[in-house]
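Just below is one structure, and these are the notes that go with it.
The values are calculated or read from the model by the stated rules, or taken from the named source; none is laboratory data. Bear in mind that the values here come from a model prediction, so they are computed numbers and not experimental data. Here the Cβ positions follow ideal geometry from the backbone for every residue, glycine too, while neighbour counts run over all protein chains shown.
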Amino acid sequence: MSRPPTVKPPRSEAGRRLNIGAVRSSFAPWNDPDATPLVRFEGVTKRFGDQTAVRDVSLDIYPGEFFALLGPSGCGKTTLMRMLAGFESLDAGRITLAGEDLAGAPPHRRPVNMMFQSYALFPHMTVEQNIAFGLKQDGMDRKAIDARVAEMLALVKLEAFARRKPDQLSGGQKQRVALARAVARKPTMLLLDEPLGALDKKLREETQFELMDLQVQLGMTFLIVTHDQEEAMVMADRIAVMREGEIVQIGRPEEVYESPANRYVAAFLGDVNLFETTVEAIAHPMAHLTATETDAGFYVLDDDCPAAGATVWLAVRPEKMRISLDPPSADVKNVLAGEIWDIGYTGDWTNYIVELPGGTLVRVARANDRRVVERPIDWDDKVWVSFDPDAGVVLTS
Amino acid sequence: MRRGPSWFNLVSLTVGFAFLYLPIVLLVAWSFNASRLVTVWGGFSTKWYVALLSDQQLLDAAWVTLRVGLLSATVATVLGTLAAIALARGGRFRGHTLFSGMIYAPLVMPEVIMGLALLLLFVALRFDRGFWTVTLAHTTLTLSYVAVVVHSRLITFDRALEEAAQDLGATPARAFMSVTLPNIFPAVLAGWMLAFTLSLDDLVIASFASGPGATTLPMRIYSQVRLGVTPEINAVCTILIAIVATGVIIWSLAMKWRSAGAARQALA
Amino acid sequence: MNRPRGRAALLPGLWLAIFFALPFLLVLRLSLSDTALAIPPYAPQIDWSQGLAGLKAFFAGLDLEKYRQLGEDRLYLDAYLSSLRFAAAGTGLALLVGYPMAYGMARCRPGLRSLLLMLVILPFWTSFLIRVYAWIGILKPQGLLNAFLGLLGLEPLTLLYTPTAVQIGLVYSYLPFMVLPLYAALERQDQTLLEAAADLGASPLKSFWQVTFPLSLPGVIAGCLLCFIPMVGEFVIPDLLGGPGSLMIGRSIWMEFFANRDWPFASAVAVVLLVTLIAPILLYQRQQAKALEAAT
C-alpha cells in the first residue's frame with residue numbers, strides 16, 4: 001500500500017513573490033522533485049486504547065535536514081518519534097528509512113539514535129562508558145572505541161569529565177553527554193526528544209546554536225520534538241505543526257509564521273490578532289473585507305482569498321501593526337481607532353492592548369527603539385492602529 | 001521549615017522504642033548471666049555459649065537452616081526478580097490479574113494455612129518430607145517478598161534507560177543485563193537478604209513441610225522454648241540477633257558510604 | 001515492543017501455580033472429605049480409569065460433613081470470634097502506640113529520621129519466635145516485671161498464659177508493620193500544608209485533625225490491614241504466651257493437625273479462616289494498587 005507523499009504544495013510561491021524572510025533559501029530538497037527522502041511516514045496511525053495518538057500522518061524528511069515536530073503536549077509528536085525509533089508499534093501505515101520498511105525491526109537494529117528528554121544517562125557508568133556503550137554493542141574493537149570516545153568528548157568539550165558519573169554533572173553537561181552518546185555510532189539520523197527542556201533560558205539559547213553548528217559539522221539529519229515554538233523556529237529547516245495527532249502544516253519557519261495554514265497555526269506560533277470578516281470584493285491584487293463585528297473595512301493582498309461573500313479570518317501579527325497618537329495619513333489603507341486598554345512593557349518591546357469601539361481588543365507590539373520618547377502613549381489615550389495591505393493574511397479555516 | 005519534635009513526640013518515641021527494644025536487650029543480657037534466673041544477676045559468663053558447642057542436635061538444626069536459607073533465598077531471588085519484571089514491564093499480559101494475585105497473596109496469608117496447604121501438596125505428590133520440601137516451601141513463601149522489593153525499585157527506575165540501551169544497539173536481554181540489573185542490584189540483594197532471614201526465622205511453615213531428619217533451628221528452639229526460658233536458648237537467640245544486626249548495619253553503612261562517596265566526588 | 005516481557009511471568013507463574021494455587025485446591029478438596037477416607041497419608045482418589053464415572057464418584061464422595069461439625073462445635077465458633085477480637089484490639093492498640101511514634105519520627109531531622117527508621121525495621125529482620133520468647137522471661141510469675149513491681153511494693157501480677165499476655169505479644173510483634181506505612185504516609189506530607197493551615201488561623205491541634213490525620217489515612221488503612229490480617233491467623237504468640245483461655249484459630253488448626261490428626265477438619269477450619277480474611281485481603285490489595293498508581 002503506497003501512496004504519494006503528501007508534502008503540502010509549498011505556499012512559498014506566494015512567499016517568494018512577497019520576499020518573505022530571505023534566509024536559508026538555498027537548502028530546499030523538499031522542492032526538488034528528484035530528491036529522495038531519508039525517512040518517509042506514510043499514513044501512519046497509532047491508537048492507545050480508544051485514544052488515537054497519531055492519525056494518518058504522512059511526512060518526508062530529507063537527508064541533511066533539521067526537522068522539527070512542534071505542538072502542545074499530547075499532540076502525538078513524541079509518539080511519532082518513538083515509532084521511528086522503534087519503541088511504539090504502528091496500527092496502520094508504514095515508515096521507511098532510506099527506502100527500507102522499518103516494520104518488525106526492533107529498536108536495537110535501527111540505524112537511528114535518540115537523545116532522550118530525561119537524557120537517560122546510565123547512572124552506574126562514567127561519561128566515557130556511557131559514550132562507549134553503543135560502540136561496544138556494535139562489536140567495535142577496544143582501540144577504535146577509545147579513539148571514537150575521545151573524539152566525541154572533544155566534540156562536546158567534556159574531555160575533563162570523562163571519568164565522572166552522571167550525577168556529578170550539571171544539567172548542561174548531562175545534555176552534552178547524552179548528545180555525544182547518541183551521535184557516537186554515526187547514526188543515519190539523530191532523534192532529539194525535547195533536548196533543551198531541562199535547561200534554563202540562557203543556556204537553552206546558547207545550546208540552540210551549538211546544536212545547529214553540530215548538525216552542519218556532522219552532516220547528520222536531525223529530527224527534533226519540541227513544544228517550544230521559538231526553539232523550533234531558530235533551529236529547524238522545516239517545521240511540522242501538530243495538533244491532536246495530525247499534522248496541520250509543514251513548512252519553513254518563515255512560512256508557518258508568516259503564512260499560517262489556519263487560525264490554529266497562527267495562534268500557536270506567536271501572537272496574532274484575528275478578525276472575522278466577509279469578503280466584499282476582489283480587485284486583483286487587492287481584496288476588500290469588512291469586519292463582522294465592527295463594519296471596519298480592510299484592504300489586503302488577495303492571495304488564497306475566496307470569492308466575494310465568503311466568511312474569512314484576517315490574521316495580523318501585533319508587530320506588523322503600527323500605533324500612533326495622531327491619525328495616519330489618508331493614503332494608509334487599514335486604520336482602526338481605539339483606546340488604550342492595557343500596556344505591557346517588556347524592555348525591548350511594549351505590547352499595547354487597544355480597545356476598538358465594538359469592544360474588540362487588538363494587540364499591537366512596538367519595538368522600543370528609542371530611550372526617550374517625547375510623549376509616551378498612556379492608559380486611556382485615544383490611539384490609531386494601522387497596518388499595510390501585505391501585513392495581513394487571509395485564513396479560511 | 002520543619003518544626004522540631006515536641007516533648008510529646010519525644011515521649012512517644014522513647015516509650016515506643018523502649019517497648020520495641022527492651023525485650024531484645026534483656027534477652028541478650030540474660031544470655032551472659034551466670035545465673036539461670038532472669039531476676040538475679042549472677043555475674044558475667046559465656047558458659048551458655050560454650051554449652052551450645054556440645055549440643056549436637058542444635059548444631060545440626062543450625063546447619064539444616066543455613067542450607068535451606070541459602071538455597072531457597074537464591075531460587076526465590078531469581079523467581080521473584082522475574083516476577084517483578086513481569087509485573088513492572090510486562091504490560092497487561094494474559095493472566096495478569098491472577099498472576100499479581102498469586103504474588104501478593106502469600107504476603108498476607110496466615111502461615112498456618114500456607115503450611116497446611118503445602119503439606120497436603122507434598123503428601124499428594126508423595127514427596128518425602130525433609131530438607132527439599134522445606135526448601136520448596138520457603139522458596140514459595142519468600143519469592144513474593146523478593147518480587148515486592150524488586151518491583152518497587154523497578155517502578156521508580158527510569159524506563160528511558162532501558163530504551164536508551166536498546167536504541168544504542170543492545171538487545172532487550174542485553175539492555176536488561178548491562179543497564180537494568182546493575183541499577184536494581186541493591187534491591188535484588190536486599191530481596192535476597194530478606195528471603196534469607198525469613199527462611200531463617202520461619203517456624204510454622206517449616207513445621208508443616210518438614211519431616212524427620214530435617215529439623216530447622218526455629219523448630220528446635222520452639223520445642224525448647226515450650227519448656228520455658230533456658231539460658232542456652234538465650235545464647236542462640238543472641239547469636240542470631242547479632243548476625244542479623246551486623247548484616248543490617250553493614251548494609252546501611254555501605255549504602256551511606258556509597259552516597260557519601262558520590263557526593264565527595266561531585267564536590268571534587 | 002515490550003510485550004515479550006510478559007514471558008518473564010512464565011517461570012514464577014508456573015511455580016506459584018504448583019506450590020501456591022494447587023495446594024489451596026487440595027485444602028478445599030480435603031475439607032469436603034470424611035475422616036475415614038482421608039487419614040494421613042491420604043492420596044487424591046479420582047479413579048481416572050473409569051473416566052466420567054470416576055469423576056462423578058469423586059464428586060459424590062464430597063460432602064459438607066466437616067463444615068457441619070465445625071458449625072456445631074461451640075469451641076470453634078468461639079475460637080473464630082476470639083481471634084477476631086484479639087486481632088481487632090491488637091490492631092487498635094498498635095495504631096495507638098504506632099501513630100505517635102511515626103508522627104514523632106516524621107518530625108525529627110532527616111539524619112535522625114533514617115536512624116530511627118532503621119531501628120523500626122531492625123526487629124522486623126530478627127526472628128519473630130525469639131522476640132515473642134523474650135516476653136516469657138518478662139511476664140512469667142517469677143519474671144522481671146513482677147520483680148520490678150515487688151521493688152515498688154506492689155502486688156505481683158499473673159500475666160503469662162493469660163489473654164493479656166497474648167495481647168501484649170500481638171502489639172509488640174506487629175508494631176513495625178503499623179509504624180512503617182504510617183511513617184511513609186506522614187513523611188511524604190508537605191510541611192507547607194501545616195504552615196498554610198496555621199496561616200489561615202488553625203491551631204496546631206486543629207491542623208493535625210483537619211490536615212495531617214486525613215492525609216495520613218491511606219497509611220492508617222494499610223497499617224491496620226497489615227496488622228489485622230496476619231494477627232487473625234497467628235499461631236506462635238497464643239501458643240507461647242497464651243493459656244487455655246486464649247483461643248485463637250491458628251492454634252486450633254495446628255492442634256487439629258498435629259495433635260488430633262484430623263486433616264479434613266483442619267482443612268475445613270483453614271477454609272473458613274481464609275473466607276473470613278478474603279475481604280480484608282482484597283481491600284489491602286486494592287489499597288496497594290492505588291498507592292502504586294499514585295507512585296507512577
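Quick check, is A:Gly76 away from chain B (no Cβ under 14 Å), of a type outside the set (Lys, Arg) and closer than 21 Å to B:Ala170 by Cα?
no
Check off (1) touching a helix residue (DSSP H, G or I) at 6+ places or on another chain (Cβ under 9 Å); (2) in the same structural domain as A:Pro72 (by TED's automatic domain parsing) for A:Lys201 and give me the number that stays unchecked.
Here A:Lys201 meets the rest and fails (1).
Given the conditions (1) within 12 Å of chain B (Cβ to nearest Cβ); (2) assigned to a helix (DSSP H, G or I), and given that C:Lys206 satisfies all but one, which numbered condition is not satisfied?
Among (1) within 12 Å of chain B (Cβ to nearest Cβ); (2) assigned to a helix (DSSP H, G or I), the lone unmet condition for C:Lys206 is (1).
Just checking, how many residues over the range A:139-159 are exposed (fewer than 12 other Cβ atoms within 10 Å of the Cβ) and within 12 Å of another protein chain (Cβ to nearest Cβ)?
Looking only at that region, the number is 1.
Looking only at the range C:209-265, count how many residues are away from chain B (no Cβ under 12 Å), over 30 Å from C:Leu186 (Cα atoms) and among the aliphatic types (A, V, I, L, M).
Residues in the range C:209-265 being away from chain B (no Cβ under 12 Å), over 30 Å from C:Leu186 (Cα atoms) and among the aliphatic types (A, V, I, L, M): 2 in total.
Is it the case that A:Asp141 is among the acidic types (Asp, Glu), free of Cβ contacts under 8 Å to residues at least 60 places away in the same chain and within 19 Å of B:Asp158 (Cβ to Cβ)?
Answer is no for this residue.
Working carefully through the options A:Gly270, A:Gly245, A:Gly251, A:Gly297, find the one that is in contact with a Gly (Cβ under 6 Å, 6 or more places away or on another chain), modelled with pLDDT under 95 and of a type in the set (Gly, Ala, Ser).
Result of the check over A:Gly270, A:Gly245, A:Gly251, A:Gly297: A:Gly245.
Matching residues to (1) of a type in the set (Gly, Ala, Ser); (2) within 30 Å of B:Trp251 (Cα to Cα):
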residue	(1), (2)
C:Ser83	yes, no
C:Tyr103	no, yes
C:Ile121	no, yes
C:Val132	no, yes
C:Leu139	no, no
C:Leu144	no, no
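Scan the range B:30-66 residue by residue and report those that are exposed (fewer than 15 other Cβ atoms within 10 Å of the Cβ) and part of a helix (DSSP H, G or I).
Passing the criteria: B:Lys47, B:Val50, B:Ala51, B:Leu53, B:Gln56, B:Gln57, B:Leu59, B:Trp63.
Could you list, in sequence order, all residues of the range C:121-138 that are touching a Gly at 6+ places or on another chain (Cβ under 9 Å) and more than 7 Å from chain B (Cβ to nearest Cβ)?
Matches in the range C:121-138: C:Val132 only.
Could you figure out which of (1) more than 14 Å from chain A (Cβ to nearest Cβ); (2) modelled with pLDDT under 85; (3) surrounded by fewer than 16 Cβ atoms within 10 Å (Cβ to Cβ) isn't true of B:Arg258?
Of everything listed in (1) more than 14 Å from chain A (Cβ to nearest Cβ); (2) modelled with pLDDT under 85; (3) surrounded by fewer than 16 Cβ atoms within 10 Å (Cβ to Cβ), B:Arg258 misses just condition (1).
Restricting attention to the range B:59-77, and to residues there that are of a type in the set (S, T, N, Q) and touching a Ser or Thr at 6+ places or on another chain (Cβ under 8 Å), which single residue is modelled with the highest pLDDT?
If we filter the range B:59-77 for residues that are of a type in the set (S, T, N, Q), which is where we start, we get B:65, B:72, B:74, B:77.
Those still in the list that are touching a Ser or Thr at 6+ places or on another chain (Cβ under 8 Å) too: B:65, B:72.
On the way: B:Thr65: 93, B:Ser72: 97.
Among residues in the range B:59-77 that are of a type in the set (S, T, N, Q) and touching a Ser or Thr at 6+ places or on another chain (Cβ under 8 Å), the one modelled with the highest pLDDT is B:Ser72.
Report the residue count in the range B:102-142 for those that are β-branched (Val, Ile, Thr), within 8 Å of chain C (Cβ to nearest Cβ) and under 19 Å from B:Val68 (Cα atoms).
2
Within the range B:1-43, count every residue that is of a type in the set (Val, Ile, Thr), more than 7 Å from every other protein chain (Cβ to nearest Cβ) and in contact (Cβ under 8 Å) with a residue 40 or more places away in the chain.
Step one: of the range B:1-43, the residues of a type in the set (Val, Ile, Thr) are B:11, B:14-15, B:24-25, B:28, B:38-40.
The next check asks that each one be more than 7 Å from every other protein chain (Cβ to nearest Cβ); those that pass are B:11, B:14-15, B:25, B:28, B:40.
With in contact (Cβ under 8 Å) with a residue 40 or more places away in the chain added as a condition, the list becomes B:28.
Residues meeting the conditions: 1.
If you take the residues in the range C:245-270 that are touching a residue at least 12 places away in the same chain (Cβ under 8 Å) and surrounded by fewer than 20 Cβ atoms within 10 Å (Cβ to Cβ), which one is nearest to the chain's Cα centre (by Cα)?
Only one residue fits best here, namely C:Gly245.
Given the conditions (1) surrounded by fewer than 21 Cβ atoms within 10 Å (Cβ to Cβ); (2) in a loop (DSSP other than H, G, I, E, B); (3) within 8 Å of chain B (Cβ to nearest Cβ), which single one is not true for C:Gln288?
C:Gln288 satisfies all of (1) surrounded by fewer than 21 Cβ atoms within 10 Å (Cβ to Cβ); (2) in a loop (DSSP other than H, G, I, E, B); (3) within 8 Å of chain B (Cβ to nearest Cβ) except (2).
Report yes if A:Ala154 is within 21 Å of A:Gly219 (Cα to Cα), in contact with a strand residue (DSSP E or B) (Cβ under 6 Å, 6 or more places away or on another chain) and either outside the structural domain of A:Lys77 (by TED's automatic domain parsing) or among the acidic types (Asp, Glu) (or both), otherwise no. Quick ask: steps written out before the conclusion?
Numbers: within 21 Å of A:Gly219 (Cα to Cα): yes; in contact with a strand residue (DSSP E or B) (Cβ under 6 Å, 6 or more places away or on another chain): no; either outside the structural domain of A:Lys77 (by TED's automatic domain parsing) or among the acidic types (Asp, Glu) (or both): yes.
No; evaluated as a whole, the condition is false for this residue.
Here are A:Ile377, A:Ile340, A:Ile353: which of them is at pLDDT 85 or above, out of contact with any helix residue (DSSP H, G or I) (no Cβ under 9 Å at 6 or more places or on another chain), within 27 Å of A:Asn262 (Cβ to Cβ) and outside the structural domain of A:Tyr257 (by TED's automatic domain parsing)?
The match here is A:Ile353.
Only residues that are on the phi > 0 side of the Ramachandran plot, assigned to a loop (DSSP other than H, G, I, E, B) and buried (at least 17 other Cβ atoms within 10 Å of the Cβ): list them for the range A:86-112, please. Working first, answer last.
Here is the first cut: in the range A:86-112, the residues on the phi > 0 side of the Ramachandran plot are A:86, A:93, A:98-99, A:104.
Subset that is assigned to a loop (DSSP other than H, G, I, E, B): A:86, A:98-99, A:104.
Listed by number, the list holds a single entry, A:Gly86.
Consider A:Ala308 against the criteria (1) over 30 Å from the mean Cα position of the chain (by Cα); (2) in a strand (DSSP E or B): it satisfies all of them except one. Which criterion is unmet?
In the conditions (1) over 30 Å from the mean Cα position of the chain (by Cα); (2) in a strand (DSSP E or B), A:Ala308 misses (2) alone.
Does C:Leu151 satisfy the criteria of being within 32 Å of the chain's Cα centre (by Cα) and at pLDDT 85 or above?
Judged against the criteria, C:Leu151 is not a match.
Looking at the range C:53-161, what helices (runs of 4 or more DSSP H) fall wholly within it and have at least 2 residues that are of a type in the set (Gly, Ala, Ser)?
Result: C:74-107, C:110-125, C:128-139, C:144-151.
Here is a yes/no grid of residues against (1) assigned to a strand (DSSP E or B); (2) in the same structural domain as A:Pro195 (by TED's automatic domain parsing); (3) in contact with a Leu (Cβ under 7 Å, 6 or more places away or on another chain); (4) crowded, with 17+ Cβ neighbours inside 10 Å:
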{"site": "A:Val57", "(1), (2), (3), (4)": "yes, yes, yes, yes"}
{"site": "A:Leu69", "(1), (2), (3), (4)": "yes, yes, yes, yes"}
{"site": "A:Ser73", "(1), (2), (3), (4)": "no, yes, no, no"}
{"site": "A:Leu84", "(1), (2), (3), (4)": "no, yes, yes, yes"}
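Taking A:Leu190 as the residue in question, decide whether it is surrounded by 22 or more Cβ atoms within 10 Å (Cβ to Cβ), within 14 Å of another protein chain (Cβ to nearest Cβ), under 30 Å from A:Ala147 (Cβ atoms) and not acidic (Asp, Glu).
On the way: surrounded by 22 or more Cβ atoms within 10 Å (Cβ to Cβ): yes; within 14 Å of another protein chain (Cβ to nearest Cβ): yes; under 30 Å from A:Ala147 (Cβ atoms): yes; not acidic (Asp, Glu): yes.
Yes, satisfied.
Return the residue satisfying two criteria in turn: it lies in the range C:107-120 and is at the interface with chain B (Cβ under 8 Å from one of its Cβ atoms) and hydrophobic (A, V, I, L, M, F, W, C), and of such residues it is nearest to the chain's Cα centre (by Cα).
Going through the qualifying residues, I end up with C:Val120.
Inspect all residues belonging to the range B:66-73 and state whether any of them is out of contact with any Leu (no Cβ under 7 Å at 6 or more places or on another chain), among the basic types (Lys, Arg) and within 11 Å of another protein chain (Cβ to nearest Cβ).
no
List every residue pair whose Cβ atoms sit under 9 Å apart, with the two residues 6 or more apart in sequence or on different chains, where the first one lies in the range B:82-101 and is at the interface with chain C (Cβ under 7 Å from one of its Cβ atoms) and the second, anywhere, is not in a helix (DSSP H, G or I).
If the second residue must be not in a helix (DSSP H, G or I), the pairs left are B:Ala86/B:Phe93; B:Arg89/C:Asn2; B:Gly90/C:Asn2; B:Gly91/C:Asn2; B:Phe99/B:Gly90; B:Phe99/B:Phe93.
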